[in-house]
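The structure appears right after this line, and notes come after that.
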Amino acid sequence: MRKLTYYVATSIDGYIAGPNGEFDFYPLSDDLAAYANEEFPETVPTHIRKQIGFDAPNKRFDTVLMGRGTYGPVLDVGVTSPYAHLRQYVFSSTIPEIADPAVELVSGDPLALVRRLKEEDDGLGIWLCGGGKLAGTLLPEIDELVVKAYPVVGGSGIPAFDGEFRPTPFNLTATRTFGNGAVLMRYAR
């Protein structure tokens, strides 16, 4: 069975973005970027790969899930298929259509689709890219969390999980600290 992993960056206080979707307040770090490129190469967007000459095969994921708030900013800069090297699903009840055939719009139940994807016999894992509302909905199906906690307090914004109160235990399986003070934590259900 395939695994659903929520691989996400957060502030110390648990925000994945600012109130208007900002994420440029996370301090950069060469060692963290090198680690992410090596361990999670498929999380580098296709248009960025072209700009930096990055060409690496998918290592962990072959499918990406995005909410409207995650997909919208790339559309705003003219990118319709941000992860062309992955199967792409965008969950939204407000986007009427997606013109790019490489991106599938899902207006129905996210849990039903994820359960179907997880039952596929072959393939790599499924990456939940964001956002917080989608993560809150998919919490019952998340198998692994990979959280990059940056040493900054957001104060407000988009929470990593936005949904009903549902305490869900995970076990810490690994940690790693980087030069900018960010801590990568891996958790398994």
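All of the numbers you see were taken from the coordinates with simple rules; none came from a lab. What you see is a predicted model, and the numbers here were worked out from it, not measured in a lab. We place every Cβ from the backbone using ideal geometry, glycine too, and count neighbours over all the protein chains shown.
Here is how the numbers come out for the structure above:
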| item | result |
| --- | --- |
| For Ala17, distant residues with modelled amide H under 5 Å away | Ile158 |
| For region 7-21, 3J(HN,Hα) per residue [Karplus equation, 6.51 cos²θ - 1.76 cosθ + 1.60, θ = phi - 60°, Hz, x = Gly/Pro] | 9, 8, 9, 9, 7, 4, 8, x, 9, 8, 7, x, x, 10, x |
| By average C-beta atoms within 10 angstrom, highest first, the peptides 141-147, 92-98 | 141-147, 92-98 |
| Sequence-distant residues sharing a close amide H with Gln88 (under 5 Å, placed H) | Val64, Glu104 |
| Ascending count of other beta-carbon atoms within 10 Å, so fewest first, for Phe54, Phe165, Phe23 | Phe165, Phe54, Phe23 |
| Highest-MSF residue in the chain out of Leu124, Leu86, Leu28 [GNM, Cα springs under 10 Å] | Leu28 |
| Relative exposure of Met185, Met1, judged by other C-beta atoms within 10 Å (fewest first) | Met1, Met185 |
| Cut-off 15 Å between beta-carbons: net charge of the residues surrounding Val152, Lys and Arg +1, Asp and Glu -1 | -2 |
